[in-house]
Amino acid sequence: VAITPPPGAGSFFFNYKNFHSQVLFGVANANYELLYFSFGSNGRVSDGGVFQSTDFYRALESGSLNVPKETTVAGRNMPFVLVADDAFPLRKDIIKPFSRKVNTQARKIFNYRLSRAWRMIES
């Protein structure tokens, strides 16, 4: 979110897109319901860095977040995961795109479909 920085802030809020900002971080479910949000991290911090500074992340790490257990889909046990982009840490409860360096056609298709899921929360 673009801001006018407070006096004396210097480049603290200046992001890679060349303007001052604060980050609005949100988590939504598959029904587009906002489950969590945090606002206020400076625009210089990556999305993954913002995520790791939230109460949501600390609850996820400690196991105190009320995440549903695995469910069976088409005969396979499937965990519930967070859909994220490249900036996020790789974890068992986060699904993120394959690296662009080693990209087969199947991985490109996977990345495209995954990006459609996380684009909703980005906008």
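Quick rundown of the values:
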| quantity | calculated |
| --- | --- |
| Most to least packed among 67-74, 33-40 [average Cβ atoms within 10 Å] | 33-40, 67-74 |
| Number of Lys pairs (Cα under 27 Å; 8 or more positions apart or on different chains) in the chain | 8 |
| Net charge, Leu82 excluded, C-beta distance under 10 Å - Lys, Arg +1, Asp, Glu -1 | +1 |
| GNM result for the chain, Cα springs below 10 Å: residue of Ala28, Ala106, Ala59 fluctuating most strongly | Ala106 |
| Cβ-based charge dipole, the chain, positive-most Cα from Tyr57, Gly75, Pro7 | Gly75 |
| Point-charge dipole on Cβ atoms (K/R +1, D/E -1) for the chain, about Cα centre, debye to 20 | 600 |
| Segment 22-122: antiparallel DSSP beta bridges as a percent of all, rounded to 5 | 85 |
| Restricting segment 46-119 to chymotrypsin sites (Phe, Trp or Tyr not before Pro) in coil, as DSSP defines it, with at most 15 other Cβ within 10 Å | Phe80, Phe98 |
| Estimated vicinal HN-Hα couplings, Hz - segment 58-74 in sequence order (Karplus 6.51, -1.76, 1.60; Gly, Pro = x) | 4, 5, 5, 4, 7, x, 8, 6, 7, 8, x, 6, 3, 10, 8, 10, 6 |
| Sequence ranges 82-89, 5-12, ranked by mean other-Cβ count within 10 angstrom, highest first | 82-89, 5-12 |
| On Cα atoms only, tilt of 105-122 relative to the major axis of the chain in degrees | 50 |
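Every number here is computed from the coordinates shown, using simple stated rules; none is lab data. Remember, predicted model here, so these are calculated numbers, not experimental data. All Cβ positions, even for glycine, are placed from backbone atoms using ideal geometry, and neighbour counts span all protein chains on display.
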